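Input: a single structure, listed below in C-alpha cells.
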Amino acid sequence: MAPRISLTQYLVEKQREKGLIPAELRLLLEVVARTCKRIGYAVSRGAIDGVLGDAGSSNVQGEAQKKLDVIANEALLEANEWGGNLAAMASEEMYELYPIPHRYPKGEFLLLYDPLDGSSNIDVNVSVGTIFSVLRLPEGVKEPREEHFMQPGTRQVAAGYALYGPSTLLVLTVGDGVACFTLGKEIGSWWLTAERMHVPEQTREFAINASNARHWHPPVRRYVDELLAGREGPRGVDFNMRWVASMVADVHRILCRGGIFMYPRDNREPDKPGKLRLLYEASPMSFLIEQAGGAATNGHQRIMEIVPTTLHERVAVFLGSKAEVERVTSYHREHG
C-alpha cells in the first residue's frame, strides 16, 4: 500500500514544492479543518448534548437559526480570531463582518463561510456541511470594511467544504485541482482519499427542488421538461432526480457522479436574483466545480466573474457537468 498523505503534508507540498500558497494560508486552512472536526463532533452528538432544534433567533435573511447554526458559527469565530492569519471574517449567520479584535495580530486574508449548510436537515439526521472561502485583503488596507469583501470568485485563493455524513469529508482547492480528505476519527487526522477529482462529463442525474416547478421561469421549465421526458423525449435518455436540500450533499454527489445542481431564480420573489448566497455558497462551490472540470453560471454569466455588491447578495445557481450547465444557460440566453 502507498503511504497515506495527511492534510498537513498535502498543504506543505503545495506551499514548498509548487509555491502555490504561503505559509500563512496553509496555517489558516489547517485551523479551518480542525474547526470542522469540532463542528462535526457537535453534529454527531446531536440530541445527546441537547443541541438539536431551533435557537430562538434568526439570521440576517430572517431564517430561523438552529442551535447548531449558532454553535458552528461561534466555533469558527473563536478558532480563527487569534491566529494572526486573518484581517476579518464574514458569515451567512452574521449581519456584519467580524474584524479581528485589536488585541490579536492581523493577517492578510479574509475568511467567508456558511457555518452549517443544510441545517434544516439536522433534526432528521440528514447530511449537512460547512462551506468556506478565502480572499486576500487588498494591498495597503489596514482596517477591513465590507467593500473589501466585494471581490469576484476569480480572486479566491482557496475554497472548500466539510461534509458531515457517514464519513466526515473535507473537499478543498487552492487553485490546483480538487482534493478530498477523509477524517480518521480514531486519531483525528485528515487523510487524502481522492486527488484531482473530476466532474464526470456524461450524466443522467439532476438536482432541483421540484416543488417549486410552478414558479420556475420558462428556460428552467424547458430544460427540466426535457430531462423528465426521458428516452422518449428530445434527449433520448432517462434522467434521475436527486434532491437532498443540503447544498453540500447535493454538490458532493455531482462532484463524484456528475450531474447538474440547480437553484434558479423564480417568480415567488421577482425582485430577488436568487436564493443562495453568492459569497458564502455559490462562489466557493463554483471555484471547486470549475477546478474539477465543471461549470457554474447564474443562467446568464459565469458565477466566478460576478462582482458582489453586498455581503449577503443572492444569486441563481446552475453548476455541475459542463455540457448540462451550458445547455440550460443557453436556454436562458435564448429567452432573454
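The values are calculated or read from the model by the stated rules, or taken from the named source; none is laboratory data. These numbers were taken from a predicted model, which means no experiment stands behind them. Heads up, the Cβs are rebuilt from the backbone with ideal geometry, glycines too, and the neighbour counts pull from every protein chain shown.
So that you can scan it fast, the table gives a plain yes or no per residue for (1) more than 17 Å from the chain's Cα centre (by Cα); (2) of a type in the set (Gly, Ala, Ser); (3) closer than 21 Å to Val248 by Cα:
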residue: Ala72; (1), (2), (3): no, yes, yes
residue: Tyr95; (1), (2), (3): yes, no, no
residue: Tyr104; (1), (2), (3): yes, no, no
residue: Leu111; (1), (2), (3): no, no, yes
residue: Gly118; (1), (2), (3): no, yes, yes
residue: Ile131; (1), (2), (3): no, no, yes
residue: Val141; (1), (2), (3): yes, no, no
residue: Glu147; (1), (2), (3): yes, no, no
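Residues in region 177-209 that are touching a helix residue (DSSP H, G or I) at 6+ places or on another chain (Cβ under 8 Å) and within 17 Å of Ala316 (Cα to Cα): Phe206, Ala207, Ile208. Restricting Val171, Val199 to residues that are within 18 Å of Val328 (Cα to Cα), under 16 Å from the mean Cα position of the chain (by Cα), outside any helix (DSSP H, G or I) and modelled with pLDDT of 95 or more narrows the list to Val199.
Among the residues that make up region 138-147, is at least one of them under 27 Å from Leu169 (Cα atoms) and either in a loop (DSSP other than H, G, I, E, B) or not hydrophobic (A, V, I, L, M, F, W, C) (or both)?
No, region 138-147 has no match at all.
Taken together, the residues in region 178-188 that are buried (at least 21 other Cβ atoms within 10 Å of the Cβ) and over 24 Å from Ala282 (Cβ atoms) amount to 1.
For residues that are outside any loop (DSSP other than H, G, I, E, B) and touching an Asp or Glu at 6+ places or on another chain (Cβ under 7 Å), scanning just region 218-253, find the one that is surrounded by the most Cβ atoms within 10 Å (Cβ to Cβ). It comes out as Val248. The residues of region 297-336 that are of a type in the set (Ser, Thr, Tyr) and outside any helix (DSSP H, G or I), listed by number, are Thr297, Thr309, Thr310, Ser321.
Filtering Thr310, Thr297 for residues that are surrounded by fewer than 21 Cβ atoms within 10 Å (Cβ to Cβ) and among the β-branched types (Val, Ile, Thr) leaves a single hit, Thr310.
If only residues of region 274-294 that are out of contact with any Asp or Glu (no Cβ under 8 Å at 6 or more places or on another chain), surrounded by fewer than 24 Cβ atoms within 10 Å (Cβ to Cβ) and assigned to a loop (DSSP other than H, G, I, E, B) are counted, the one that is modelled with the highest pLDDT is Ala292. Look at region 209-233: where a residue is aromatic (Phe, Trp, Tyr) and a partner is exposed (fewer than 15 other Cβ atoms within 10 Å of the Cβ), sitting 6+ places away or on another chain with Cβ atoms under 9 Å, you get Trp216/Asn267. When each of Gly56, Gly83, Gly46 is tested for being in the same structural domain as Phe149 (by TED's automatic domain parsing) and part of a loop (DSSP other than H, G, I, E, B), the lone residue that passes is Gly83.
Please go through region 134-177 and give me each residue that is over 25 Å from Thr297 (Cβ atoms), hydrophobic (A, V, I, L, M, F, W, C) and buried (at least 18 other Cβ atoms within 10 Å of the Cβ), ordered by number. Of everything in region 134-177, those that are over 25 Å from Thr297 (Cβ atoms), hydrophobic (A, V, I, L, M, F, W, C) and buried (at least 18 other Cβ atoms within 10 Å of the Cβ) turn out to be Leu137, Ala162, Leu169, Leu170. Taken as a whole, region 76-91 holds no residue that is exposed (fewer than 15 other Cβ atoms within 10 Å of the Cβ) and closer than 15 Å to Tyr280 by Cα.
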